[in-house]
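Quick notes on the structure that follows.
Laboratory data are not the source of any read-out in this text; all were calculated from the coordinates shown. The structure presented is a predicted model; accordingly, all values stated were derived computationally and were not measured. Here Cβ is always computed from backbone atoms with ideal geometry, including for glycine, and neighbour counts include all displayed protein chains.
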Amino acid sequence: MIQPIKTFDAYQEAYTKSVNDPAQFWGEVAENFDWKSPWGKVFSGDFSQAESKWFEGATLNITENCLDRHLAERGNKLAMIWEPNDPKERFVRYTFRELHEQVSKFGNVLRAQGVGKGDRVCIYMPMIPELMVAVLACARIGAVHSVVFAGFAAHSIADRINDSGCKLVVTADALYRGAKQIPCKAVIDEALLSCSTVEKVIVYERAQWPVEMVVGRDIWWHEAMASASTHCEPEVMQAEDMLFILYTSGSTGKPKGVVHTCGGYMVYTAYSFANVFQPKESDVYWCTADIGWITGHSYLIYGPLLNGTTTLVFEGVPTYPDPGRFWQVCDKHAVNIFYTAPTAIRSLMAAGEDHVLSYSLDKLRVLGSVGEPINEEAWHWYNIHVGKERCPLTDTWWQTETGGIMIAALAGVSPLKPSFAGYPLPGIQPVLLNQSGEEIAENEQEGYLAIKFPWPSMIRTTYGDHERCRLTYFDTYKGYYFTGDGAKRDTNGMYKIIGRVDDVINVSGHRFGTAEIENAINQNTHIAESAVVGYPHDIKGQGIYAFVVCKDKVFDPVNLRGEINETVTAQIGKIAKPDKIQIVSALPKTRSGKIMRRILRKVAEGDVSNLGDTSTLLDPLVVEEIVAGKL
Ligand code: WT7
């Protein structure tokens, strides 16, 4: 088991060692796991080719490290607590032994359906224990899980299933989210109309929602599990075998399948979890992220289980049945470590302090934040009202592609500074680059955030298109991994993340490419073209502002906006619906036809006093019209 760093001196010592001798450093960290056979070389690779291999030659199964190896000492300890959407419904708890049993059974169910090592499995499920079981069962048998957040529409699911050629889908009849019931199986049925690789669909009954079972294709979870054996031989995996694919948005229209592998991901998620959150043996840890995002993968499932920590899975939303729900759950399950997103904090902050004051938060010891920059106001509110100024609040910066937390305070160990992520974890070498790609050596400077040395859980490839991975992350600045974020370093070398510098917007911690939303809007038959930008939003961090040009005269703008929202909901999902839609007669373009997004961003931000140089525009009058019509 990993022994977390306990003092800032020890952190600095570990950091220096990790930079001076990375192989020795990571080799020692990796000794804390069960491997079936040892590695030859700790790491090798070439940044410029987007190649990185960790613990090559070693074999393992990550689920043995999450489950089996805890059985002797922690077999009867809780591995997972599940809290349902409705506070009146009974919660469910699984010990490590029980979780091991469920995972083994479902691993056997998958094998019985012909799923084996390397096969891709799409998981589209509510936040229920079975989602965690399905993920771990894939890992157990060496199948590659591709979890798709149960908020994406049929079209987006189909794209993801087809991109990776999934053989099987695991879903549920429907899900509960706040006051709503939302179908899942029906959405999968629609998606599968355009997917030819899927042979079987396993359906968990969560909400007694009517579903149509396709004979020969669809199987009920409970029927298949009834006769499954509780012994499931773990597949022997190479350290560099694929563990999962997770789709994320970038600056182009098509989401990319970020690939993580077994060995490096295991070592880094466990190491970062232990050091950032400093869990104690008896702790209850709660990460509020959905398993459909990377935070849910790394710090709801793998990180905590690898450390033998009890992890809480919550099905609901922060505001149902009222904005005290998070605090009520903390109180009910005596949560010690709480990890959430700034957007949730801001929305609960808006609901007032009374909700927080109604519950006991005495057990809380560590607070975390993730997903987007946390503004000072939210930081202080979280620190004062939730942490009662006695819980270290760690702001954790990382990405789907980094696999694990890169820059963050180690709770109770590192100094804290509101709205700063702080110092890099041992093994992580961030730099700030200027426009020409040169490293900025001084502090008190801003630049592009890049990483100059490989780390175990870094992205290995984008599924099916390695060149895309190389071009997106390793080509802009040669010899560096480019994050797409801008950052600033203070006099003490602490990092503050400013936000994206590319065409990615971050809405409530969810990432979208502007091109991706534009593609969806353009599916609407009335739309000729569109341009989407982000703008500051009090609760969501960023909101989505769409400028649209219609093919024909618009008679009813309200109706048109409604239709565009429907189109986006059908193409991507409700989460990508624009907050504002401005109908314009043309977009500001240069003579070469490039949309001048800089101008649109300024308009969306409400800052039209200085639009900069507009002389290169094809038709400068367009700008006046857009400014006059701003929402
Ligand atoms: C982007 C990655 C990593 C899990 C959740 C999002 C932004 C993430 C922070 C933070 C400022 C942050 C960045 C990053 N981001 N955490 N603590 N402070 N910004 O994962 O969907 O891959 O998005 O989220 O812009 O590049 P993701």
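Values computed for the structure shown
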{"read-out": "Gap separating the Cα centres of the range 338-370 and the range 157-224, nearest whole Å", "value": "34"}
{"read-out": "Inter-part distance where the range 376-447 and the range 242-299 are each reduced to a Cα centre, Å", "value": "17"}
{"read-out": "Net length gained if the chain between Glu353 and Glu566 were fully extended (0.36 nm per residue, minus Cα distance)", "value": "73.1 nm"}
{"read-out": "Proxy reagent accessibility, fewest Cβ within 10 Å first, across Glu518, Glu212, Glu281", "value": "Glu212, Glu281, Glu518"}
{"read-out": "Cα pair distances in the chain, grouped into 20 Å bins until the bin that holds the longest one, percent each", "value": "19, 55, 25, 1"}
{"read-out": "Selection from Trp39, Ile62, Asn443, by position along the positive dipole direction of the chain (Cβ)", "value": "Ile62"}
{"read-out": "Charge sum, other residues only, whose C-beta stays under 13 Å from Pro38's C-beta, Lys/Arg counted +1 and Asp/Glu -1", "value": "-1"}
{"read-out": "Segment Asn76-Asp490, length gained on full extension (0.36 nm per residue, minus Cα span)", "value": "144.4 nm"}
{"read-out": "Cut-off 12 Å between beta-carbons: net charge of the residues surrounding Gln571, Lys and Arg +1, Asp and Glu -1", "value": "-2"}
{"read-out": "Rel. contact order, % - alpha carbon contacts under 8 angstrom, at least six apart, the chain", "value": "13"}
{"read-out": "The chain - Cys residues lacking any other Cys C-beta under 4.7 Å", "value": "Cys66, Cys138, Cys184, Cys195, Cys232, Cys262, Cys287, Cys330, Cys391, Cys469, Cys550"}
{"read-out": "Calculated [θ] (222 nm, deg cm²/dmol) that DSSP helices of n ≥ 4 give over the chain, each run adding -39,500 (n - 2.57)", "value": "-8000 deg cm²/dmol"}
{"read-out": "Cα-centred dipole magnitude for the range 508-628, charges only on beta-carbon of K, R (+1) and D, E (-1), debye, nearest 20", "value": "300"}
{"read-out": "Exposure proxy order (Cβ contacts within 10 Å, fewest to most) of Lys580, Lys200", "value": "Lys580, Lys200"}
{"read-out": "Spread of Cα-to-Cα distances over 5 Å intervals beginning at zero, given as percent, for the range 532-584", "value": "5, 19, 28, 24, 17, 6, 2, 0"}
{"read-out": "Computed Kirkwood radius, in angstrom, where 1/r is averaged over Cα pairs of the range 88-187", "value": "14.3"}
{"read-out": "Segment Phe91-Asp9, extension gain: residue separation times 0.36 nm, minus the distance between their alpha carbons", "value": "25.3 nm"}
{"read-out": "Per-residue Cβ neighbour rank within 10 angstrom, fewest leading, Thr525, Thr567", "value": "Thr525, Thr567"}
{"read-out": "Inter-label distance for Glu605 and Asp46, nm, one decimal - labels placed 7 Å from Cα along Cα-to-Cβ", "value": "4.1"}
{"read-out": "Pairwise Cα inverse-distance average, inverted: Kirkwood Rh of the range 133-196 (Å)", "value": "12.6"}
{"read-out": "Diffusion constant of the range 392-453 at 4 °C, which comes from Stokes-Einstein with the Kirkwood Cα-pair radius and 1.567 mPa s, µm²/s", "value": "103"}
{"read-out": "Förster radius 25 Å - calculated FRET efficiency between Glu212 and Lys180 (Cβ-Cβ, nearest 0.05)", "value": "0.70"}
{"read-out": "Stokes-Einstein translational diffusion, the range 508-628 - Kirkwood Rh over all Cα pairs, 1.306 mPa s, 10 °C, in µm²/s", "value": "108"}
{"read-out": "Cβ-defined net charge surrounding Ile2, 11 Å radius [Lys, Arg +1; Asp, Glu -1]", "value": "-2"}
{"read-out": "Along principal axes, Cα extents of the range 78-132, largest first, whole Å", "value": "39, 25, 15"}
{"read-out": "Computed Kirkwood radius, in angstrom, where 1/r is averaged over Cα pairs of the range 1-99", "value": "16.9"}
